[in-house]
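Presented below is the structure to which this report refers.
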Amino acid sequence: MASKILTSLVEFVIVDCRNMIHITNNPEETYELAVLFAGGQLPCSCKKREQATVVGLFGELGAGKTAFTQGVAKAFGIKEQVTSPTFVLEKIYKLSKGFSYEHLVHIDAYRLDDSKEMSALGWNEVLQNSTNIIFIEWPEKVAEILPEDMIKIYFEAGKKENERKIKILC
């Protein structure tokens, strides 16, 4: 049975320990949720693995995928502006010391035709490095090469103008 929790900014509906639905009402709340995720304060948060941690971001254009990644970047102390890598496909940000990860890798697969194109980004090397955390927008475009244990985050527009329903699955 689902239970509902309201924090200072973000409403949570806990379905079970591996499936949470979050309701945010504006980009700031989406950033706050991302900070909680990056800080390991949610089930299926950023936890170190043997290879890179991969987070698939699913949702339509403007659903909040980049805003979420910006919140994670802020939580990891990244000072530069984080934008969607739509045209460059991949951006790699170095994290400051004190985090279990060394790099945040942000990939936008929207313009890729198939998974083979990921090799041009050095995908295998990026994936094998356990100090990387990878956020990939439009992961369904390259699903064949993504690890089975990928964290999946689904973004959906809510009923109100800036409301987002964000579902995190481990």
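Please treat every number below as a calculation from the coordinates, not as lab data. In this text the structure is predicted, and so the values were computed from the model without any measurement. Don't worry about glycine lacking a Cβ; one is built from the backbone with ideal geometry, like all the others, and counts go over all protein chains shown.
Here are a few things to note about the model shown:
- By the compact-protein rule of thumb, 2.2 N^0.38 Å, the alpha-carbon radius of gyration of region 41-170 corresponds to a ratio of 1.00.
- Only Lys, Arg (+1) and Asp, Glu (-1) charged, at Cβ; region 59-111 dipole about Cα centre in debye: 180 debye
- Coil-residue trypsin sites (Lys or Arg not before Pro) of region 130-162, DSSP, other Cβ within 10 Å capped at 13: LYS159, LYS160
- Alpha-carbon Rg with Dmax, taken over region 78-124, Å: 12.3, 37
- Added length on full extension, which subtracts the Cα-Cα distance from 0.36 nm per residue, PHE87 to TYR110: 7.4 nm
- Among the listed pairs LYS74/LYS97; LYS94/LYS152; LYS79/LYS160, those beyond 26 Å (Cα-Cα): LYS79/LYS160
- Taking label positions 7 Å along the Cα-Cβ direction at both ALA120 and GLU60, the computed distance is 2.9 nm, reported to one decimal.
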